[in-house]
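See below for the structure under consideration.
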Amino acid sequence: MKIWLTGGSGSGKSRIASLFAASGFVLVDADAISRKIAEPDGAAYPELLAAFGPDFLLPDGRLDRRALGQAVFTDPERLTVLNQISHKYIIEEMIRQGAGEKNVLMDAPLPNTFGVPCDKTLFVTAPQEVRIARIMARDGISEEAARARIEAQVPDAVYEKMADAVLYNSGTFEETAEKAKKLIKEWYSA
């Protein structure tokens, strides 16, 4: 079973992914791939450097992901450029990592509009204020920056429309984990 796990920033998607991984699913993490392809030896680095310039470089030559993130989440045109460059490399690597595996969880922040073959789509969400608090705590950014990040992302209604199941992560993690474990049991292919 190949599952596309998606949800916006601060939804708690990564914690749900860890439950699937602990239950035997191969975890293919789009965010980890995104970081890898943006490294100086990564596939997307030359294009990212050409598009965004040296203003977004750290002294050691790596991309300043925090500065780039702040720039793209407040400028839709820059976000489009970033996505056009990085998505092709991320999707290629996700497909490669999931090939030949029986139970795969594709953990990605966007809906699967890329044509990646999956059997099910699971959307994780939480109330906006909860997401904002999580993003601020996780990334050490202001409330305004966290709100801008959420507003730059795909609306929940789009995710929900494409999902086979929705996990509302608004209670305790234990409550959400119980719901996730039911899906794992149902979707795991022995």
For T121, other-chain or 5+-apart residues with amide H closer than 5 Å (H placed, Pro excluded) are W4, D164, A165
Interchain or sequence-distant (5+) residues whose placed amide H lies within less than 5 Å of the amide H of L57 are D64
Given the candidates V130, Q153, I141, the one whose Cα lies deepest towards the positive end of the charge dipole of segment 96-186, counting +1 at each Lys or Arg C-beta and -1 at each Asp or Glu C-beta, is Q153
Could you check what % of the DSSP bridge pairs in the chain are antiparallel, to the nearest 5?
-> 5
The chain - mean residue ellipticity at 222 nm from DSSP helices (-39,500 (n - 2.57) per run, n ≥ 4, rounded to 500) = -16000 deg cm²/dmol
In whole Hz, what ³J(HN,Hα) sequence does segment 31-38 give by Karplus (6.51, -1.76, 1.60; θ = phi - 60°), x for Gly and Pro?
-> 5, 5, 5, 4, 5, 5, 6, 8
Please state the charge dipole magnitude for the chain, taken about the Cα centre, from unit charges on C-beta atoms (+1 on K and R, -1 on D and E), reported in debye and rounded to the nearest 20.
-> 480
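I need to check one value: relative contact order of the chain, counting alpha carbon pairs closer than 8 Å and at least 6 residues apart, in percent. Walk me through the numbers before you get to the answer.
Details: 268 pairs, mean separation 72.9, N = 190.
Computed over the chain, the figure is 38 percent.
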Going residue by residue through segment 50-62, the Karplus relation 6.51 cos²θ - 1.76 cosθ + 1.60 with θ = phi - 60° gives ³J(HN,Hα) values, rounded to whole Hz and with x marking Gly or Pro, of 5, 6, 10, x, x, 5, 9, 9, 7, x, 8, x, 7
Under the Karplus relation 6.51 cos²θ - 1.76 cosθ + 1.60, θ = phi - 60°, what is the ordered set of whole-Hz ³J(HN,Hα) values for segment 11-18, x standing for Gly and Pro?
-> 6, x, 4, 5, 5, 5, 4, 5
In µm²/s, what is D for segment 2-187 at 37 °C and 0.692 mPa s, where D = kT/(6 pi eta Rh) by Stokes-Einstein and Rh is the Kirkwood radius from Cα pairs?
-> 191
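No value in this document is a laboratory result; all are computed from the given coordinates. Being a predicted model, the structure only gives us computed values, none of them experimental. Here Cβ is always computed from backbone atoms with ideal geometry, including for glycine, and neighbour counts include all displayed protein chains.
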